[in-house]
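Okay, so here's the structure we're looking at.
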Amino acid sequence: MVTSRDNLALVRVARLYYRDSLSQAEIAARLGTSRSNVSRMLSAAEARGIVEIRIHEQVPRDSSLEEALEERYGLRKAIVATRDNSFGLRPVDQVGDLAWTWLRAHLTDGTTVAMSWGEALQALVMAATSQVMSSTEFVQLLGGVSARASLVTGQELVRELATRLGAGYRYLHAPAAFRSTRTRRALMEEPSIMEALESARAAQVALVGLGNVVSGSSAAILQAVSATAQERAEFDAAGPVGDIAGRYFDAEGRAVRGRIDDRILALTLEEIAAIPTVVALAVGQEKAAALRGALVGHLVDVVVCDTALAEAALQP
């Protein structure tokens, strides 16, 4: 039997968490209980209607394109920003806003989130609003030193998002790409690098951008490895259509192996795909081949994109 005393206790915990922004650990210490008990009480407060969580989406979505993507590719979820942009946002900002809405609804305190880099992920980070998730940790999927000064690095993104959410973060103190395989292998033996990559492997959620090989961070990584003409020819012959976290794949979503791949410091495609929920953010029809390859290869579970890319990805 649920008593008024029970409900009062739930109200008190809910106020401390949602109104006063205390972490679950801080509430537990104040009330002389365990963090797990606080978590159960917050869940009970929501179940009993004491707490109501509402998500107000500001960016309109195209449900028909979402359903078409989910049906064709077996996606767990597709989220597509419409062309009806009454807020004056760039497509990448619309995608970032929708991705943040999804993450906010699905992220629970204590989750480990692994991130790559790119403009779409930066838009997600900029859309994030203040939360208190002190037991959540953000980690990098690949080295955090950008190949170009104009690109936003993974280090900046994990730090900024963690700061906005009151969460923790872990750096991967290494470049994403190397000129020699020997240097990359030596660095992979460093305990701090091994621990950072292991944290990424153990993540429950991965937030990734999709590269299209010929531009942006994808092209910058290829430039950073200083591939010889023969190495680049071998790479091109494998038919790369895109990359996730510096790991290139072909039209079937198969990893492009070789001497270029051996110089990248990141989780492998197989390791990324093994993370329980992989969320891909991408914008623009020029990413269509990359998105199709990732979907055919079942490399991602959730896609957040704009109308132009969704329509291009659905073309025969």
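The values are calculated or read from the model by the stated rules, or taken from the named source; none is laboratory data. This one's a predicted model, so the numbers in the text were calculated from it and none came from an experiment. Heads up, the Cβs are rebuilt from the backbone with ideal geometry, glycines too, and the neighbour counts pull from every protein chain shown.
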Residues within the range 70-109 that are under 21 Å from Ala274 (Cα atoms) and touching a strand residue (DSSP E or B) at 6+ places or on another chain (Cβ under 9 Å), tallied: 11
Restricting attention to the range 259-316, which residues are charged (D, E, K, R), out of contact with any helix residue (DSSP H, G or I) (no Cβ under 8 Å at 6 or more places or on another chain) and free of Cβ contacts under 8 Å to residues at least 60 places away in the same chain? Asp261, Glu270
Matching residues in the range 160-177 - criterion: being within 20 Å of Glu198 (Cβ to Cβ) and either modelled with pLDDT of 90 or more or of a type in the set (A, V, I, L, M) (or both): Ala162, Ala167, Gly168, Tyr169, Arg170, Leu172, Ala174, Ala176
Collect the residues in the range 108-120 that are modelled with pLDDT under 95 and crowded, with 18+ Cβ neighbours inside 10 Å, keeping them in residue-number order. Asp109, Thr111, Ser116, Trp117, Gly118, Glu119, Ala120
Just to check your reading of the model, which residue among Val80, Val38 is over 30 Å from Ile221 (Cα atoms) and not in a loop (DSSP other than H, G, I, E, B)? Val38
Sort out for me the strands (runs of 3 or more DSSP E) sitting completely within the range 217-312 that have 1 or more residues that are surrounded by fewer than 23 Cβ atoms within 10 Å (Cβ to Cβ) and among the aliphatic types (A, V, I, L, M). 302-306
Mind listing whichever residues of the range 277-316 are within 16 Å of the chain's Cα centre (by Cα) and among the β-branched types (Val, Ile, Thr)? Thr277, Val278, Val279, Val283, Val300, Val302, Val303, Val304
Is it true that Ala245 is closer than 19 Å to Leu207 by Cα, modelled with pLDDT under 95 and of a type in the set (Gly, Ala, Ser)? yes
Return the residues of the range 166-208 that are within 23 Å of Ser23 (Cα to Cα) and crowded, with 18+ Cβ neighbours inside 10 Å; say none if nothing qualifies. Ala167, Tyr169, Arg170, Ala203, Val205
